[in-house]
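First comes the structure, then the notes that go with it.
What follows draws every value from the coordinates through simple rules; no lab data is involved. A quick note: this is a predicted structure, and the numbers were derived from the prediction, not measured. Here the Cβ is made from the backbone with ideal geometry for all residues, glycine too, and neighbour counts use every protein chain on show.
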Amino acid sequence: MAPVASKILGTVNAPYGANLSACELAAAISDIEAAQSAMGPAFSFFSEVSPELQVSFVSEMGLPHEKVRQVAKHFQTLCPFPLALAT
């Protein structure tokens, strides 16, 4: 597992008792339907992981930036503070 993914998975899994893999998290942050089944870790990615690590993870996993932005914008509608990837 890549170093960026290791840092992120600890942050997004621990608070929810989840055990998402890097691929599962990648799916959850780039697809609205997948995000619904991993709501806590996906939201944690956008709200608790530094923007720099978010961008690194998205690039490392080869995710389409526009799809990630769509999921971030969805979470932004539920969140009172700005999410970096929603802009």
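When every residue of the stretch 12-24 is checked against the conditions, none turns out to be among the acidic types (Asp, Glu), over 17 Å from Leu78 (Cβ atoms) and over 12 Å from the mean Cα position of the chain (by Cα). If only residues of the stretch 27-55 that are of a type in the set (Ser, Thr, Tyr) and closer than 18 Å to Gln76 by Cβ are counted, the one that is surrounded by the fewest Cβ atoms within 10 Å (Cβ to Cβ) is Ser50.
If the condition is being part of a helix (DSSP H, G or I) and of a type in the set (Ser, Thr, Tyr), then the stretch 14-28 contributes only Tyr16.
For the stretch 42-64, the condition of being under 15 Å from Val4 (Cα atoms), in contact (Cβ under 8 Å) with a residue 40 or more places away in the chain and in contact with a Ser or Thr (Cβ under 6 Å, 6 or more places away or on another chain) holds for at least one residue.
Being farther than 20 Å from Thr11 by Cα and polar (S, T, N, Q) is a condition met by no residue of the stretch 48-69. Looking only at the stretch 62-77, count how many residues are more than 20 Å from Ala22 (Cα to Cα) and touching a helix residue (DSSP H, G or I) at 6+ places or on another chain (Cβ under 8 Å). Here the count works out to 3.
Close Cβ contacts (under 7 Å, 6 or more residues apart or on different chains) running from residues in the stretch 3-26 that are exposed (fewer than 11 other Cβ atoms within 10 Å of the Cβ) to residues that are polar (S, T, N, Q) and outside any loop (DSSP other than H, G, I, E, B) comprise Asn19/Asn13.
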